[in-house]
Amino acid sequence: MSTNIDFIKQLGDLALASRLKRLSEKMLQDVSLAYKEQSIDFEPRWFTLFALLKERSPLSIVDIAKTLGVTHPAINQIASEMMKKGLVKASSDKKDKRKRLLTLTPLGESLTPTLFPIWQDIEQAAQKLIFETGVDLMGVIDKLEYGMEQQSMFSRIQEQTRQRWQNAVEIMEYQPVFRAHFKSLNLEWIERYFEAEEADIRILSNPESEILDSGGHIFFARLDGEILGTCALIKLDDKTYELAKMGVTEAARGKCIGNKLLAAAIEKAKSVGAELIYLETNSRLSPAIHLYRKHGFVCIPFDAHHPSEFQRADVRMQLDLTATQSPQVQERCLR
C-alpha cells in the first residue's frame, strides 16, 4: 500500500479546519526560517500583536483580544514571550489599576526598521503564491470569516445535528403496546415540576375512553427503537382540538422530538378539518412555550366560563389553522 496518500486531504470538507491549520503551520515554519536566515530574533506568531502595538499602543489585553479576534489566554501567552525578549512591556492603567496595558519597549521600537524589509518580502511572496492559485484567496477568506460571523461553526454543526435527529425520529399513532409509555412519559415531566392531579391520572390511565373514543389522537416518537416522547389531540368539536399531554423524556431533550411531535399533531388536525387548536400550560415551562410560539401559537386570555380543570395551568394558547399569516404574538400569557 502506498504511504504517499495525503490522508487529511482524503477526508475532504470534514478536515477543513485541520487542512487550514496544517497550511498555516507550514507557512509559519517557512517564515520562521526566513527570519532566522537573516539573523532576526522574531517569531511569526508575534507579528499581529507587534504590528497592532506599533500602531495603537498602549492597549489592554481585552482590547487586543477583541481587535485581533483571539482569546485572552492566547494574547497573554504571546505577550509573555515578547516580554522575555524585551520587546513588550506592561503597565497599570492610571484609571483602573487592575487593567494591564501593553506597549512596545524601546528595543521593540528599534526593531521595526529591521523587520520592515522582510515583511515586504513576505507580503510579496504571499501575493505571488496566491496569484499562482488563480483564486481570489483573500476574498474567499473574507467570505468564510463573514459567514462564520453570521453563524458560527458550532451553530452550523448544531443545526445539522438537529436535522439528523429530526430525520431519524419516527412518529406513530397510538397502539395498545404504547399505552404504558403514554402514562410514564407524562408523569415524568408532571412530577418533576408539579404534582399529578386527578384529571392527569384519569386521562393517562384511560387514554382510549378519554381521548381516542371521542375522535382524538395520540402520537408517539420513536428514536433508535425507543419511545421517547408523546402528545395527544383531544377532540372538543368538529373544528376544535386541544393539544395535551406532551412529554419528552429528560434523556432525549434537545433531539427535536417535541418539535416533530408538535408538527405531526398540527398536520393531523389540518387533515381532519380542524380550524383551531388550543392548549394549556404553565409559565415555568418556558422551553415548551417557546416551541409553541415557534409553531404559531399565541397567548389568549382564560375564559371565566370555561375554567381549566388543572390547577397548574396559568397559560392558555391557541393556533388558528385558517389564518393565512402567523398572527402577532401576544406578550402577556399569564392569566
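Inside the stretch 255-300, can you point out the residues that are at pLDDT below 90 and of a type outside the set (D, E, K, R)? Outline the logic, then answer.
Of the stretch 255-300, the ones at pLDDT below 90 are 255-256.
Of everything in the stretch 255-300, just one residue is at pLDDT below 90 and of a type outside the set (D, E, K, R), namely CYS256.
Note on the stretch 147-171: residues that are among the β-branched types (Val, Ile, Thr), assigned to a helix (DSSP H, G or I) and more than 9 Å from the chain's Cα centre (by Cα) total 1. Restricting ARG284, ARG293 to those that are farther than 26 Å from ARG164 by Cα and within 24 Å of the chain's Cα centre (by Cα) reduces the list to ARG284. Within the stretch 46-61, the set of residues being in contact with a helix residue (DSSP H, G or I) (Cβ under 7 Å, 6 or more places away or on another chain) and surrounded by fewer than 16 Cβ atoms within 10 Å (Cβ to Cβ) comprises just one member, LYS54.
Within the set of pairs 6 or more residues apart or between chains, which connect a residue that is closer than 15 Å to SER24 by Cβ and at pLDDT 90 or above inside the stretch 137-148 to a residue that is surrounded by 11 or more Cβ atoms within 10 Å (Cβ to Cβ) and β-branched (Val, Ile, Thr) with Cβ atoms less than 6 Å apart? These pairs meet every condition: LEU137/ILE130.
Within the stretch 232-254, being touching a strand residue (DSSP E or B) at 6+ places or on another chain (Cβ under 8 Å), surrounded by fewer than 22 Cβ atoms within 10 Å (Cβ to Cβ) and either basic (Lys, Arg) or assigned to a loop (DSSP other than H, G, I, E, B) (or both) holds for LYS235, LYS239, THR249.
Residues that are more than 30 Å from LEU101 (Cα to Cα), assigned to a helix (DSSP H, G or I), in the same structural domain as LYS89 (by TED's automatic domain parsing) and in contact (Cβ under 8 Å) with a residue 60 or more places away in the chain: does the stretch 38-61 have at least one?
Of the stretch 38-61, the ones more than 30 Å from LEU101 (Cα to Cα) are 38.
Those still in the list that are assigned to a helix (DSSP H, G or I) too: none.
No, there is no match, as no residue in the stretch 38-61 is more than 30 Å from LEU101 (Cα to Cα), assigned to a helix (DSSP H, G or I), in the same structural domain as LYS89 (by TED's automatic domain parsing) and in contact (Cβ under 8 Å) with a residue 60 or more places away in the chain.
Of the listed requirements (1) touching a strand residue (DSSP E or B) at 6+ places or on another chain (Cβ under 8 Å); (2) surrounded by 14 or more Cβ atoms within 10 Å (Cβ to Cβ); (3) at pLDDT below 95, ALA65 misses just one: (1).
The values are calculated or read from the model by the stated rules, or taken from the named source; none is laboratory data. The shown structure was predicted, so the numbers you read here are calculated from the model rather than taken from an experiment. Here the Cβ is made from the backbone with ideal geometry for all residues, glycine too, and neighbour counts use every protein chain on show.
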